[in-house]
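The values are calculated or read from the model by the stated rules, or taken from the named source; none is laboratory data. Keep in mind it's a predicted model, so treat the numbers as computed, not measured. Every residue, glycine as well, gets a Cβ built from its backbone with ideal geometry; the counts of neighbours run over all protein chains shown.
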Amino acid sequence: MIATFFLLALLQVKVPDAAQFVGQPKGVPLSGQQLEEQTMTISHELRCPVCQGLAIGDSPSIMAANMKAQVRELLERGYTEEQILSYFEKSYGQFVLLKPKFQGVNTLVWILPIAVLAIGFVLVVSKAKKLEVAPAVDATPEEPADDPYLAQVRKMVEKP
Amino acid sequence: MTATFGRFLILASVLVSTTGAFIAYAAGAKRSPEGLKWSQRFAYAFAGLMVIATGVMEYALITHDFSVQYVAHVGSTQVPLWVTIVSLWSSLEGSILFWGFILGIYIAATTWVNRNQHQEYMPFAIGTWLSCGAFFSFLIAGPANPFLSVIPAPLEGPGPNPLLQNHLLMIIHPPMLYLGYVGMTIPFGFAAAALLRGRLGQSFLRPLRASLLLPWVFLTIAIMLGGWWAYEVLGWGGYWAWDPVENASLLPWLTATAALHSAIVMERRGVLKGWTVTLIQASFLLTILGTFMTRSGVFNSVHSFTQSAIGPTILIFLTAVLLFSVILLALRIDSLEAEGRIESAVSREGMFLVNNLFFVVFTFTVLVGTVFPLVVEAVKGKQMSVGRPYFDAMVVPVGTALLFLLGVGPALPWGKTSRKEMLRVLLPPLITGAVVLIIGYVLGVRSAWTLVTLLFGGYAAHVTLAQMWLPLRQRLKKGDAFAPALIDAQLRRGRRRFGGYVVHAGAVIVFVAIAVSSTMRTQQEVTLTRGQSTTFAGYTVTFTGTEERTEPHRQSTIAHFNISKPGGPSGGGTSGGGGGGTLITTMEPRMNQYAAMREPIGTPAVYSTIGRDYYLSIMNLQGDQAGILIINMPMVGWIWGAVLLMGAGGLIALIPARKRTYVVVPESAPTIDDEAIA
Amino acid sequence: MNRTVLIIGIIIVAAIVFVLFAGLGKDPQHIDSPLVGKPAPPFALKAVNTGETIDLESLRGKPVIVNFWATWCVPCYEEHPTLVANARQLPDVQFVGVVFNDTEDKINRFLAERGSAYPTLLDANGKTAIAYGVGGVPETYFINRAGTIVAKYEGPMSTEILQENLAKALR
């Protein structure tokens, strides 16, 4: 790692760095088990740009492996999850975030199901109340061929 | 010649189905028995044409007749016979023909089974089915015609997509899926018939429900097979990615399951008829949406066929059926409704309502998540993604709620119950739930979600077994011997009930297995040189070497690993030399480079035992170094088995009840003939 | 006629149909690059065929075409002759190739077999590619004289496509 940096510095090679996109690291550098787990977590929130909908954590493609390595490196340097996601968003677009950001029109995707649950609950309660007070009406009369007595016997014998 | 014959058959089927649909609807409107007979004939004729056309296509495939365009597209003399047979559904045109084939069989079979019954509904049902048949015939005849001629006929073909030749599961997954998807057309026809007739009689509830249950069984198994295939073949160690096409198969399953539940309330209490009919229509409409999503190229998915002219055509059909369903519902739903009442909201009936609420929320969430990127792009021109983190976050609570209902619902009796009685049935299963939770905790479960799942799961298991046991217990009380009582209670008379609880038992296991396999999963990425070992999750993995294999459609590098019990000279961790004790098995994951694909595709190796799966996937192979991903996943195999159990339960519930003979002589009524009553 | 059902139903139908029709005709594989219209991320990488280090910032004043590719990418083979031919014909445009996840040997062998007309840079661990939002290969970026990315094209280019996008950089 250090040797590479040294060599690259010698050759005056420089690659674009996250710092240009998101500034200095705002968090604590990670290592060991915590580093691996966080890498996994964030890798599952970034979308592999070439695969059909897979996360970079799941994709075997080369670009995904590069991106994952980049995630790990940024975590080692102390970048926060938010910064890392922001970095990828700046170069790939919002497309690369698998979890929709809670801002702008995207809030709808989070709110709508909850709204439906709430409205649905109200509807269910009102329907149940309505059914409770409904007058008991005879079930749909059968076709003329059926005799009510036979229907009664049928109901008695057939188990639910 | 073959191509021409095929085209002729398809055109004939367009004619037959369209004419048949008209005749059937007219027969229904006029209540004409003669018209019904003719509708039935047209239904059989449509089926016959579809079957023969499919036979012709299979014949062309097997004889490698490359003058038929579809054969030129997917056929090859280099692939094994089973691949050739299966390539019927491997590509777009053939798969639509296959759809028509299955539809024809379903229509013919249902028509035949009901040939002497339900005369007031059948014509309308046949009319609706044949209308759908007409659409698919039109698709096959027009935008998706596999029978076009290729002149001059080539001598060889490219073979079907190599991904589809990878695994045996690919043989069963599509047919199962079609049997499920296409089968939803049948209850849709029945529902449309009830709406057109303006009534849903008690005697019609059973065929309506049965026609929904059969495709449900197929769809349940098909979805599981899809997940299992992804798990075994794709290499990322997961079985569900919330891919748009996966979601497309789940949506109709959710509404169909909801409909099966509300149908029970419908049969018991005569309420919720309009709602059940709506759910049945939704299930069919979602299958059409699903087929649109797969074939239109609109969605970014592993499953997507390429964009073609077929997309807009399906969308037009979808719009038409949507409008048909909405208008029919609006016109007739009131004539179906309000025939009964429930005694209390806090009862089994009430729980069914809540169950439906959660299924609808589940469906809505998956649908919104899937189409949201499309909406945003259409409205704002920006691209965004809705992926697994979203779905997992939103769906897990809903699923957990459903598991809760799985326990509490069947525990509550029908109708009004006293508070004391309610506590009597609701509290004891809590003990079982707590026991299961404690066992899980002792075994190492720490995730809150999994612990809750174990609690609810144990509760539901207790309730399910208690309910299964109930009819048997009643019989034993009466004094019957055990074995005959068991068979009689569960398998001869109480099949619907017993089958339902078998499904529930399977479902409980599925919930628990999903939670456990997701949260107790551990993995390790490691690079081994040849001869090196590493120990992980109770096994020692030794890299023994690689092997190159060239096949006509792909170049594979196979890596060989020995799996043994740890405990050689150099205990745990990564070690040099041949570490490990007794050899248990070998695993051979591979990297495949297909000529047609840009990136290589890995095939993992999976070692399954009862308790867990040991999963090996190659990340990269360079010379003597293998970078691998080892995943340990407890209880994954249980998911596949438990879903099969669910399917079995559904099939048990489908076996029709024996016809009975009664003699009734009421005192004050006119005499009734001795008659066999269905 | 149940009005509620009708109204709710029509709304749902309209929504679904609108969404799906809007989706037709779009290529779900194509991703819009957020970098179009923004300054090109600077980099300085070693050219494998000439040995010098090329710094992007030093190229300002000329339109630059940055083509990301690799020797393991099959469509790149088809695209290469187009790029070489155009590079020779357009001396006022700076062509730059960037290769990632590859070795110098393989690249040099490739260029020896197929010709080269411009520097090919090695991006050893793909970080430049990530900064540019590269998903697969080949992908090409068109940068104008002021150093702003004006266009991105995914996939192998023909001369027409190249000229079309280059026109945007020359404005």
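Rundown of residues vs (1) touching a His at 6+ places or on another chain (Cβ under 8 Å); (2) at pLDDT 80 or above; (3) surrounded by fewer than 20 Cβ atoms within 10 Å (Cβ to Cβ), yes/no style:
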| site | (1), (2), (3) |
| --- | --- |
| B:GLN532 | no, yes, no |
| B:ILE558 | no, yes, yes |
| B:ASN562 | no, yes, yes |
| B:GLY576 | no, no, yes |
| B:LEU583 | no, yes, yes |
| B:THR586 | yes, yes, yes |
| B:ARG598 | no, no, yes |
| B:LEU616 | no, yes, no |
| B:GLN625 | no, yes, yes |
Looking at segment C:31-138, what helices (runs of 4 or more DSSP H) fall wholly within it and have at least 1 residues that are more than 9 Å from chain A (Cβ to nearest Cβ)? C:74-89, C:104-114
The one condition B:ARG341 fails out of (1) under 26 Å from A:VAL124 (Cα atoms); (2) away from chain C (no Cβ under 11 Å); (3) in a helix (DSSP H, G or I) is (3)
Condition (residue is of a type in the set (A, V, I, L, M, F, W, C), farther than 26 Å from C:LEU170 by Cβ and touching a strand residue (DSSP E or B) at 6+ places or on another chain (Cβ under 9 Å)) applied to segment C:70-88: is it met by at least one residue? yes
If B:VAL376 passes every condition in (1) more than 29 Å from the chain's Cα centre (by Cα); (2) surrounded by fewer than 21 Cβ atoms within 10 Å (Cβ to Cβ); (3) within 14 Å of another protein chain (Cβ to nearest Cβ); (4) more than 30 Å from B:ARG268 (Cα to Cα) but one, which one does it miss? (2)
Determine, yes or no, whether A:PRO29 is surrounded by fewer than 16 Cβ atoms within 10 Å (Cβ to Cβ) and touching a residue at least 24 places away in the same chain (Cβ under 8 Å). yes
Qualifying residues in segment B:117-150 (those that are among the hydrophobic types (A, V, I, L, M, F, W, C) and not in a helix (DSSP H, G or I)) - the one nearest to B:ALA45 (Cα to Cα): B:PHE147
Test: residue in segment B:3-19 that is basic (Lys, Arg) and at positive phi: no
When you scan segment B:373-383, do you find a residue that is over 30 Å from B:ALA448 (Cβ atoms) and touching a Phe, Trp or Tyr at 6+ places or on another chain (Cβ under 6 Å), even just one? yes
The condition of being buried (at least 21 other Cβ atoms within 10 Å of the Cβ) and within 27 Å of the chain's Cα centre (by Cα) holds, among B:PHE324, B:PHE362, B:PHE317, only for B:PHE362
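A quick yes/no check of all residues on (1) buried (at least 20 other Cβ atoms within 10 Å of the Cβ); (2) assigned to a helix (DSSP H, G or I); (3) over 25 Å from the mean Cα position of the chain (by Cα):
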{"position": "B:ILE52", "(1), (2), (3)": "no, yes, yes"}
{"position": "B:TYR59", "(1), (2), (3)": "no, yes, yes"}
{"position": "B:TYR70", "(1), (2), (3)": "yes, yes, yes"}
{"position": "B:TRP82", "(1), (2), (3)": "no, yes, no"}
{"position": "B:LEU88", "(1), (2), (3)": "yes, yes, no"}
{"position": "B:GLU93", "(1), (2), (3)": "yes, yes, no"}
{"position": "B:ILE96", "(1), (2), (3)": "yes, yes, no"}
{"position": "B:ILE105", "(1), (2), (3)": "no, yes, no"}
{"position": "B:ALA109", "(1), (2), (3)": "no, yes, no"}
Which condition does B:TRP253 not pass, out of (1) aromatic (Phe, Trp, Tyr); (2) within 12 Å of another protein chain (Cβ to nearest Cβ); (3) over 26 Å from B:ALA43 (Cβ atoms), if it passes all the others? (2)
If I go through segment B:451-465 residue by residue, how many of them are surrounded by fewer than 24 Cβ atoms within 10 Å (Cβ to Cβ) and farther than 11 Å from B:LEU406 by Cα? 4
For C:GLY51, only one of the following conditions fails: (1) farther than 30 Å from B:SER325 by Cα; (2) modelled with pLDDT of 90 or more; (3) not hydroxyl-bearing (Ser, Thr, Tyr). What is its number? (2)
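Yes or no, residue by residue, for (1) within 18 Å of the chain's Cα centre (by Cα); (2) of a type in the set (Lys, Arg); (3) facing another protein chain (nearest Cβ under 7 Å):
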{"site": "A:GLY53", "(1), (2), (3)": "yes, no, yes"}
{"site": "A:PRO60", "(1), (2), (3)": "no, no, yes"}
{"site": "A:MET63", "(1), (2), (3)": "no, no, yes"}
{"site": "A:VAL71", "(1), (2), (3)": "no, no, no"}
{"site": "A:GLY78", "(1), (2), (3)": "no, no, no"}
{"site": "A:LEU85", "(1), (2), (3)": "yes, no, no"}
{"site": "A:LYS90", "(1), (2), (3)": "no, yes, yes"}
{"site": "A:PHE95", "(1), (2), (3)": "yes, no, yes"}
{"site": "A:LEU98", "(1), (2), (3)": "yes, no, yes"}
Would you confirm whether or not segment A:37-52 contains a residue that is of a type in the set (D, E, K, R), in contact with a Phe, Trp or Tyr (Cβ under 9 Å, 6 or more places away or on another chain) and modelled with pLDDT of 85 or more? yes
Got a number for residues in segment A:15-57 being small (Gly, Ala, Ser) and closer than 17 Å to B:MET619 by Cα? 3
Selected residue (criterion: nearest to A:TYR92 (Cα to Cα)) from residues of segment A:32-51 that are surrounded by fewer than 20 Cβ atoms within 10 Å (Cβ to Cβ) and either of a type in the set (A, V, I, L, M, F, W, C) or within 13 Å of chain C (Cβ to nearest Cβ) (or both): A:MET40
